Each structure stands twice: as structure tokens, then as C-alpha cells.
Amino acid sequence: MPCVAVGGLSPKRTASKSQRVIKRLERTIPASNRAVYYPMVVKEAHDCTITDLDGNTYLDFNAGWTVAGVGYSNPEVIKAIKDELDNCTGLSAATFPTETTARFAERLIEVTPGDFEKRVWFGHSGTDACAAAYKLIPMATGKSRIISFYGSMHGTDVGGLAMGGHHATARYPVPSLVTKVPYAYCYRCPYGLEYPSCNIHCASEFIEENVLKYITPPEDTAFLIVEPIQSDSGDVVPPRGYLEKLKRTCDKFGIVFVDDEVKIGFGRTGKMFGIEHSSVIPDAMALGKSIASGMPVGALVARKGLMEKGFAITTLGGNPIGAAAGLATLDVIEKSRLPENAARMGRYMMKLLNELKERHGLIGDVRGKGLIVGIEFVKSRRTKEPARKETAKIVYRAWQLGLITAYVGANGNVMEITPPLTITKRQVGRGIEILERAIKDVEKGMVSDAAVRGYTGF
């Protein structure tokens, strides 16, 4: 299908170079290690745009799954990495630390909520950070059980698989003492209740009267881990007061409160961390993705004493290259006031998307905070039947027209929008223009089932 330039972006051309590389990838990298939404191979990326091997340029509404929070190829981050490479390539920070790593740990302690004494554990990813909580906090507390939530995603190692409530991880038979409970997904409340008359039943009442009483005794429950906004389950934003009620229950029963900020941290929600939209001060915080703008870094920042027992050394955890990238990333976020820009652009985007919702019945719900936004597509607003195939087609057609997005959710029917935090008002408007064109084209039947066959995300 021929593609037309929209809003000044390059028109789609023959993708011969990309297709040749895709065939090579299919012969070398297993499907378990890929999440494919369209046939694209990247040549370069800068700020909010991506250019593929065939010279097509796209506006990016994904930021590499939020990794490029300060924009792709940020020059200040690149300079910091190059400077550190000249000095310390190959060092293992666990045994041969550098001042760069120490400064990065100090900065993380400074910017994370809570004025109590903290420690920082370093790994390679958000998965590592969540796994550190899984391994170390039970050792510190002497308790073995954990509470997590339906729809949660905490990584893909054994700890993450055990704690995760996402359908993609549910198939793995991981022995664990993790109990999963419903999240505050108001659009699809599992109890059939409505906020605020429900009194947020899914928080304290259900957990205290059912979970802690019959399943996981509080005297043996080490921690509760929660995402302030669930991303991979469909960008679910809980109602006001939900996190506070969870924290009160944790404090009441002596359970550690772990905040997973891997995907939404570092300015994306309009504040430095998503938890800061509530009054909750977490006992521990898992960090990753945008923490170092693409360098493989993860961190668990927690109260002193929660990570001292046990053995969780990683050879390259806290390496100086990643630490330098992390320090530069924090500098850019603060100097450029990116959380404030995320708040402004998020409000503008939500305004445009709600106007879009009025014009297109496929859109069942629009939700978000700052620059993490979910558009839930349904076949009928009355029945809320998920429009999975239509969502895949809209994402695919938007790509053809020059806009990078992806879909998530338990039903695969939520378009996730997470652009770099540097995005401008003009770019937001241009992206929504392309998105509406994609929706219209799918409504007209211009994208066939065959076109999206094989592009199933994860």
C-alpha cells in the first residue's frame, strides 16, 4: 500500500534494505527475544525522530519503550559516555569502584523520595532492579512471601516472572510465594464497582480482609511491589488515594512498600517519579530504562538495611560508563526541566485525544499522566469488547504514515504513547494528526488482516 507524507514527514518508500536485514534477524535471533510491530530496521535516531535503513524518517511516540527520555542521541549524554570510555573501560565496579559510580549513587539517593538513610544496588536493567528486591528484601526481613498485582510487569528473569501479573509471563511455571491481587483498573473493574463510591475496595479492604487473612499472613509477608501507573498491562492510572491506602496497609502490618518506577520514572509523568503524584514515600524504588539513556543500567534504591544481607553481586553492575550516562541524564532532565515539559505536553495531548475520542467510536478510553498515555480501543463502548486486531492495524498504519507507536495490554488493545520528554507542541499535534488518519483508514478497511499477520508485539 502506498504511503503519503503527513505533516512534513518522509513518505514511505521501498523497504528493500530493511527487509533484507529483517530476514537476517529472523535467521539469527529467536522470536522470544523480539517484539515486532512493523517491518523496520533503524539506521539512526535523534531527539524525537527515527530514520530507517531506507531513508524514511518517523516521528517517535515510543522513545524506545521510554528509554530515550532525554531524546535519542542526546549530545550531553554522548559526551559523558565518551569521556568515561577514555578512562575506565572494562572495570567491574563491585571490586574496582570509581568516583563516578559513587557520585551516581549519591545523586540517586538525593533525587528519590524520602529523607531517611538509603543504599543503592546497581544492576544492568529494570529487571535486575526488581530481581534485587525479590532476592534481598526477604533476606533482610526474615519473611518469605510477596504481594504483587494483576497486570504487573517486573522483568523477565525468575524473580520478575514470579512477581509479574502480565499475560506474557503467566505461562512460566515458576515456583514462588508471590500472591497476585487485582490492580485498580477502573475502566474494567474486576468487582463491577465504580469510583469513588467503591471506596477503592481493591486496595485496603480486599487485601486486609482476604489476602492477608487467608493467603499470605502478614507476619510472613516481606513486601508489596506496585507500579504507580501500570504500563504493559495497558497504561492503567489508578484513582486518587489508591497508593495511599496500599501504603497504610503495608505500614499497619509491617510490610515493605516497593515502588516499581522502571518505565515511568525520571520525569515521564510530569514529576521526577510517578509515586510523587501521591503522598506515599516508598521504602524501596526500582529504576531502569531511561535511567541512563540507553546504557544498560538498573538500580534499587532502598532504606538502609533492606539490601545488606545476601549475595547479589553483578560483575558489571554500577560500571562507570553507565554511571556517567546516568549522571548526564539527570543533569539534562533537571537543566531542561523535562518533567515540566512532560506535564505541559501531556495535558495538550490528552486534550487532542479526548477530542479524537468524540469523533471515533473505536476509542473506548483515554488515560494517562504526563507523557505516558494509553488509548484503549474497543469494538463497542457499551460492551467494551477489546478491539485487538483493529489496534494492531492502527499501529501498523500509523507506522506507514510516519508515526512510531506500539500496543500493550492484557487484551492487546491499548496503544501506548510515550514520546521522548523533549517533544514539542508542534510534534504532538503532528503525531495526533497522523494517528487520526490511521484510525480513519482502519475504519475504512484500508488495512488488511494479512498486513498485520506476524506483527504480534509480545
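The values are calculated or read from the model by the stated rules, or taken from the named source; none is laboratory data. Given the structure is predicted, the values throughout are model-derived calculations rather than measurements. Don't worry about glycine lacking a Cβ; one is built from the backbone with ideal geometry, like all the others, and counts go over all protein chains shown.
If I go through the range 367-397 residue by residue, how many of them are small (Gly, Ala, Ser), farther than 20 Å from ALA68 by Cα and touching a residue at least 40 places away in the same chain (Cβ under 8 Å)?
Initial filter on the range 367-397 (small (Gly, Ala, Ser)): 368, 370, 374, 380, 387, 392.
Applying the additional criterion that residues be farther than 20 Å from ALA68 by Cα yields 380, 387, 392.
Filter once more, so that each one left must be touching a residue at least 40 places away in the same chain (Cβ under 8 Å): 392.
Adding up the residues that qualify gives 1.
Given the criteria of a type in the set (Val, Ile, Thr), crowded, with 18+ Cβ neighbours inside 10 Å, more than 28 Å from ALA94 (Cα to Cα) and assigned by TED's automatic domain parsing to the domain that holds ALA105, does ILE147 qualify? Break it down into steps so the answer makes sense when it comes.
Working: of a type in the set (Val, Ile, Thr): yes; crowded, with 18+ Cβ neighbours inside 10 Å: yes; more than 28 Å from ALA94 (Cα to Cα): yes; assigned by TED's automatic domain parsing to the domain that holds ALA105: yes.
Yes.
State which residue is nearest to SER336 (Cα to Cα) when the search covers only the range 250-273 and only residues that are of a type in the set (Phe, Trp, Tyr) and either under 15 Å from the mean Cα position of the chain (by Cα) or buried (at least 24 other Cβ atoms within 10 Å of the Cβ) (or both).
Let us first name the residues in the range 250-273 that are of a type in the set (Phe, Trp, Tyr), namely 253, 257, 266, 273.
Narrowing the set further to residues that are either under 15 Å from the mean Cα position of the chain (by Cα) or buried (at least 24 other Cβ atoms within 10 Å of the Cβ) (or both) leaves 266, 273.
Values: PHE266: 13, PHE273: 16 Å.
In this case the residue turns out to be PHE266.
Pairs please, first residue from the range 87-99 and within 16 Å of GLY123 (Cα to Cα), second anywhere and small (Gly, Ala, Ser), Cβ atoms under 6 Å, 6+ apart in sequence or on different chains.
Here the result reads ALA93/GLY318, each pair linking the range 87-99 to a residue that is small (Gly, Ala, Ser).
I'd like the residue in the range 370-403 that is surrounded by fewer than 23 Cβ atoms within 10 Å (Cβ to Cβ) and basic (Lys, Arg) and, out of all such residues, is nearest to ALA451 (Cα to Cα).
Here the residue is LYS389.
Looking at the range 187-210 only, could you name the residues that are part of a helix (DSSP H, G or I) and closer than 23 Å to ALA410 by Cα? So that I can check it myself, show each step before the final result.
Initially, the range 187-210 is screened for residues part of a helix (DSSP H, G or I), giving 187-188, 204-210.
TYR187, ARG188, PHE206, ILE207 - these are the residues of the range 187-210 that are part of a helix (DSSP H, G or I) and closer than 23 Å to ALA410 by Cα.
Restricting to helices (runs of 4 or more DSSP H) lying wholly in the range 83-186: which have 3 or more residues that are closer than 23 Å to CYS250 by Cα and small (Gly, Ala, Ser)?
Details: elements: 99-111, 126-141, 158-163.
Answer list for the range 83-186: 126-141, 158-163.
Which residues, taken from the range 275-313, are assigned to a loop (DSSP other than H, G, I, E, B) and within 23 Å of the chain's Cα centre (by Cα)?
The initial filter retains those residues of the range 275-313 that are assigned to a loop (DSSP other than H, G, I, E, B), namely 278-283, 288, 293-297, 304-313.
Result: SER278, SER279, VAL280, ILE281, PRO282, ASP283, GLY288, SER293, GLY294, MET295, PRO296, VAL297.
Please indicate, with yes or no, whether at least one residue in the range 286-302 is among the polar types (S, T, N, Q) and surrounded by fewer than 22 Cβ atoms within 10 Å (Cβ to Cβ). First the steps, then the outcome.
Kept after step one, since they are among the polar types (S, T, N, Q), are these residues of the range 286-302: 290, 293.
Next, only the ones that are surrounded by fewer than 22 Cβ atoms within 10 Å (Cβ to Cβ) stay: none.
Scanning the range 286-302 turns up no residue that is among the polar types (S, T, N, Q) and surrounded by fewer than 22 Cβ atoms within 10 Å (Cβ to Cβ).
Considering only residues that are free of Cβ contacts under 8 Å to residues at least 40 places away in the same chain and buried (at least 24 other Cβ atoms within 10 Å of the Cβ), which ones fall in the range 234-246? Can you show your working first?
Residues of the range 234-246 that are free of Cβ contacts under 8 Å to residues at least 40 places away in the same chain, as a first pass: 240, 243-244.
Across the range 234-246, the qualifying residue is only LEU243.
So which pairs qualify, if the first residue must be in the range 349-366 and farther than 15 Å from ILE417 by Cα, the second must be at pLDDT 95 or above and among the polar types (S, T, N, Q), the Cβ gap must be under 9 Å, and the two must be at least 6 apart or on different chains?
GLY361/SER380; LEU362/THR391; GLY364/SER380; GLY364/ASN413
Say whether the condition of being among the hydroxyl-bearing types (Ser, Thr, Tyr), in the same structural domain as PRO138 (by TED's automatic domain parsing) and under 27 Å from MET415 (Cβ atoms) is met by at least one residue in the range 212-235. Let's see the steps before the verdict.
Within the range 212-235, the subset among the hydroxyl-bearing types (Ser, Thr, Tyr) is 214, 216, 221, 231, 233.
With the extra rule that they be in the same structural domain as PRO138 (by TED's automatic domain parsing), the set shrinks to 214, 216, 221, 231, 233.
Next, only the ones that are under 27 Å from MET415 (Cβ atoms) stay: 231, 233.
Within the range 212-235, one or more residues are among the hydroxyl-bearing types (Ser, Thr, Tyr), in the same structural domain as PRO138 (by TED's automatic domain parsing) and under 27 Å from MET415 (Cβ atoms).
Quick one: which residue in ARG337, ARG367 is surrounded by fewer than 22 Cβ atoms within 10 Å (Cβ to Cβ) and at negative phi? Full working, then the answer.
Values: ARG337 fails: at negative phi.
Exactly one of ARG337, ARG367 is surrounded by fewer than 22 Cβ atoms within 10 Å (Cβ to Cβ) and at negative phi, namely ARG367.
Would you kindly identify the strands (runs of 3 or more DSSP E) lying entirely within the range 358-424 that contain at least 2 residues that are basic (Lys, Arg) and within 17 Å of ILE264 (Cβ to Cβ)? Walk me through it before giving the result.
On the way: elements: 363-369, 372-377, 406-408, 414-417.
Ranges flagged: 363-369.
Applying the selection to the range 416-439, what residues are touching a residue at least 60 places away in the same chain (Cβ under 8 Å), out of contact with any Gly (no Cβ under 8 Å at 6 or more places or on another chain) and closer than 15 Å to PHE377 by Cα?
LEU435, GLU436, ILE439
Considering only the range 150-181, state which residues are surrounded by fewer than 20 Cβ atoms within 10 Å (Cβ to Cβ), of a type outside the set (Val, Ile, Thr) and closer than 12 Å to CYS130 by Cα.
ASP157
When the residues of the range 314-331 are filtered to those that are over 20 Å from the mean Cα position of the chain (by Cα) and part of a helix (DSSP H, G or I), which remaining residue is nearest to ALA133 (Cα to Cα)? Working first, answer last.
Taking the range 314-331 and keeping what is over 20 Å from the mean Cα position of the chain (by Cα), we get 314-321, 323-324, 327-328, 331.
Next, only the ones that are part of a helix (DSSP H, G or I) stay: 320-321, 323-324, 327-328, 331.
Values: PRO320: 23, ILE321: 24, ALA323: 21, ALA324: 24, LEU327: 23, ALA328: 26, ASP331: 27 Å.
Filtering first and then ranking leaves ALA323.
Each row is one residue, and each column tells you yes or no for (1) among the hydrophobic types (A, V, I, L, M, F, W, C); (2) surrounded by fewer than 24 Cβ atoms within 10 Å (Cβ to Cβ); (3) outside the structural domain of GLY159 (by TED's automatic domain parsing); (4) out of contact with any Leu (no Cβ under 9 Å at 6 or more places or on another chain).
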| position | (1), (2), (3), (4) |
| --- | --- |
| ILE81 | yes, yes, no, yes |
| ARG103 | no, yes, no, no |
| ASP115 | no, yes, no, yes |
| GLY123 | no, no, no, no |
| GLY126 | no, no, no, no |
| TYR134 | no, no, no, yes |
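Out of THR422, THR418, which single residue is surrounded by fewer than 24 Cβ atoms within 10 Å (Cβ to Cβ), out of contact with any His (no Cβ under 9 Å at 6 or more places or on another chain) and modelled with pLDDT of 95 or more?
Working: THR418 fails: surrounded by fewer than 24 Cβ atoms within 10 Å (Cβ to Cβ).
Going through THR422, THR418 in turn, the sole match is THR422.
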